[in-house]
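Notes follow once the structure below has been shown.
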Amino acid sequence: KNQVEQSPQSLIILEGKNCTLQCNYTVSPFSNLRWYKQDTGRGPVSLTIMTFSENTKSNGRYTATLDADTKQSSLHITASQLSDSASYICVVSGNSGYSTLTFGKGTMLLVSP
Amino acid sequence: NAGVTQTPKFQVLKTGQSMTLQCAQDMNHNSMYWYRQDPGMGLRLIYYSASEGTTDKGEVPNGYNVSRLNKREFSLRLESAAPSQTSVYFCASSGGQGYGYTFGSGTRLTVV
């Protein structure tokens, strides 16, 4: 069964500090991996999309990495801001049709002043 | 701003009532999706429409129906609401398989 596991479940960091969120997946066959940010009461917003051949992709202070061999990804947030407080969701896409997105449960990040 | 618009934002239903959740996108995307999000779970696909004129079941379709009215609009209908359908519902659209998804801001539905 396709699964996406994220860790930690929740995290509290001080403003200005860095943090790294983890994502392990068992989705096969693999097409791409996405990271989304979901603010409370809002829909998810895409941060990055990486295909099998991409090891790293950045979007401002967000940097995602992908190791397709070990089926692991990470999202690194640099110099955190209060507005980074949100849930971060890892989503893995298979390549066998439109319905093959598998969502992780998310990591809830709280950035404290 | 371009994006996905969902209505209503909040709704309370009594068990057995029916309602339709509306979704519209203005990005000329071919594919549209309905998800539900429950506490402690990842988003789960209810139905999707790969292109205008087609709809298919997702992971949790029971108790729901959909209509792809045109390229812009994709509605989700609950014919006889049940407490188990209490959830936050998200509509999304994409340019096609392998493209990023744009999500609406969600409909918070409570069935009592």
> When Cβ neighbours within 10 Å are restricted to other protein chains, what is their mean count per residue of peptide B:100-109?
Replying inline: 4
>> Past 30 Å, Cα to Cα: identify those pairs from A:Lys57/A:Lys105; A:Lys17/A:Lys57; A:Lys1/B:Lys9, in the order given.
In response: A:Lys1/B:Lys9
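Using only the Cα atoms, work out Rg/Rh for region B:1-110, with Rh taken as the Kirkwood radius, to two decimals.
We get a ratio of 0.94 for region B:1-110.
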>> If you consider only alpha-carbon coordinates, what radius of gyration and Dmax does region A:69-108 have, in Å?
In response: 13.3, 39
> Given q = 0.09, 0.18, 0.21 Å⁻¹, what are the Debye log10 I(q)/I(0) values for chain A, with equal point scatterers placed on the Cα positions and solvent ignored?
Replying inline: -0.21, -0.84, -1.11
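Keeping every protein chain present and rolling a 1.4 Å probe, give me the accessible area per residue for region B:34-112 in Å².
About 42 Å² of surface per residue is accessible.
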> Just counting partner chain Cβ atoms within 10 Å, what average do the residues of peptide A:29-42 show around their Cβ?
Replying inline: 2
>> Using the Kirkwood formula on the Cα atoms of region A:1-54, what hydrodynamic radius do you get, in angstrom to one decimal?
In response: 13.4 Å
>> Where in chain B is the longest stretch that carries no trypsin sites (Lys or Arg not before Pro) classed as loop by DSSP and with at most 14 other Cβ atoms within 10 Å?
In response: B:15-112
> Using only Cα atoms, what Kirkwood radius does the protein assembly as shown have, in angstroms?
Replying inline: 18.0 Å
>> For chain A, set up a GNM with springs between Cα atoms under 10 Å and report which of A:Val27, A:Val92, A:Val45 has the largest fluctuation.
In response: A:Val45
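The values are calculated or read from the model by the stated rules, or taken from the named source; none is laboratory data. Nothing here was measured: the structure is a model prediction, and the numbers come from that model. Using ideal geometry, Cβ is built from the backbone for each residue, glycine included, and neighbour counts are taken over all protein chains shown. When the accessible area is computed, the model is the full protein with side chains, heavy atoms only, and any ligands, DNA or RNA have been set aside. Shrake-Rupley method; radii C 1.70, N 1.55, O 1.52, S 1.80 Å.
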